[in-house]
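The values are calculated or read from the model by the stated rules, or taken from the named source; none is laboratory data. Quick caveat: nothing in here was measured; it's all calculated off a predicted structure. Using ideal geometry, Cβ is built from the backbone for each residue, glycine included, and neighbour counts are taken over all protein chains shown.
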Amino acid sequence: MNLIFLGPPGAGKGTHAVRLAQQLNIPQISTGDMLRGHVKAQTRLGLEAKKYMDAGELVPDDVIIGMVKERLQEPDCAGGYIFDGFPRTVAQAEALSEFAKIDAVLNLIVSDQVIIDRLSGRRVCPDCNGTFHIKHLENASVCPNCGGKLVIRKDDEPETVLNRLNVYRRQTEPLIDYYRQKGLLRDANGEGSVDANYAEVLEALGIR
Ligand code: ADP
Ligand code: ZN
């Protein structure tokens, strides 16, 4: 199955996409993680992307499209994949339709208040890419998975969070109608507990 997970920042796309990818034994493709990998490795692409990411703006479409197109050529994508955080603009969705066939688009629905709460409490582990919320951590600075030092993502700072939400509304939300019109959209509630939401995700996608 070739899937897209759509939803505002902090909706839980990454959490559910990782889990479902493990369950289906297919890769989860997060353009955000790929970009952060480039930034960390200080590639040319990373240096170019960093200024947009730090400001909560979208990285230009041509950069993203080229990166994704290459990724889909890797052998692990042959049996299906889950996009997490891509496409983020109608232009990206249209480009994607030229080189991939999408089976379903999961739309995670979450209110602004919940998003702001989640992002402002988010801590990430640069060593294992784990994502956590301070309210679930015994120690807010130690990764419970690998013992690494947890950090606040630069784009989770309060002003940037608001900007990312605006960017989402303006540039990404139109994809909901775009995919609904194609008959591919499946809605799921993104509020509440991770396990309850995951059950909804499976249900919405008809996976059991
Ligand atoms: P979020 O938690 O906001 O969903 P991501 O990890 O998906 O975060 O993305 C972080 C940043 O990387 C975005 O704010 C944006 O700058 C950039 N980015 C990721 N995916 C895309 C994309 N498909 N198009 C443009 N920019 C992207
Ligand atoms: Zn870790």
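List of remarks:
- Residue match in the range 126-142 (condition: away from ligand 1 (no atom under 13 Å from the Cβ), buried (at least 19 other Cβ atoms within 10 Å of the Cβ) and at pLDDT 95 or above): no
- So A11, is it part of a helix (DSSP H, G or I), under 30 Å from A204 (Cα atoms) and either at pLDDT below 95 or touching an Asp or Glu at 6+ places or on another chain (Cβ under 9 Å) (or both): no
- Residues of the range 103-120 satisfying the condition of being more than 13 Å from ligand 1 (Cβ to nearest atom) and either at pLDDT below 95 or small (G, A, S) (or both): A104, S111, D112, Q113, V114, D117
- Selection count where residues are more than 16 Å from ligand 2 (Cβ to nearest atom), surrounded by 12 or more Cβ atoms within 10 Å (Cβ to Cβ) and acidic (D, E), scope the range 33-74: 4
- Selection from the range 143-155 of residues that are touching a residue at least 40 places away in the same chain (Cβ under 8 Å) and surrounded by 15 or more Cβ atoms within 10 Å (Cβ to Cβ): D155
- For A93: the one exception among (1) in contact (Cβ under 8 Å) with a residue 40 or more places away in the chain; (2) of a type outside the set (F, W, Y); (3) within 16 Å of V18 (Cβ to Cβ); (4) buried (at least 19 other Cβ atoms within 10 Å of the Cβ): (3)
- Among residues of the range 158-174 that are aliphatic (A, V, I, L, M), those with a Cβ under 9 angstrom from a residue that is exposed (fewer than 15 other Cβ atoms within 10 Å of the Cβ), sequence gap 6+ or separate chain, pair up as L165/D112.
- Looking at R170, R164, R123, just one residue is surrounded by 15 or more Cβ atoms within 10 Å (Cβ to Cβ), closer than 30 Å to M1 by Cβ and charged (D, E, K, R), and that residue is R164.
- Failed criterion for R186 (all others in (1) in a helix (DSSP H, G or I); (2) of a type outside the set (F, W, Y); (3) in contact (Cβ under 8 Å) with a residue 40 or more places away in the chain hold): (1)
- Answer residue from the range 143-162, given it is out of contact with any strand residue (DSSP E or B) (no Cβ under 7 Å at 6 or more places or on another chain) and at pLDDT below 90 and is farthest from V194 (Cα to Cα) among those: E159
- Filter result for the condition that a residue is in contact (Cβ under 8 Å) with a residue 40 or more places away in the chain and either under 12 Å from the mean Cα position of the chain (by Cα) or closer than 24 Å to G80 by Cβ (or both), over L35, L20, L58: L20
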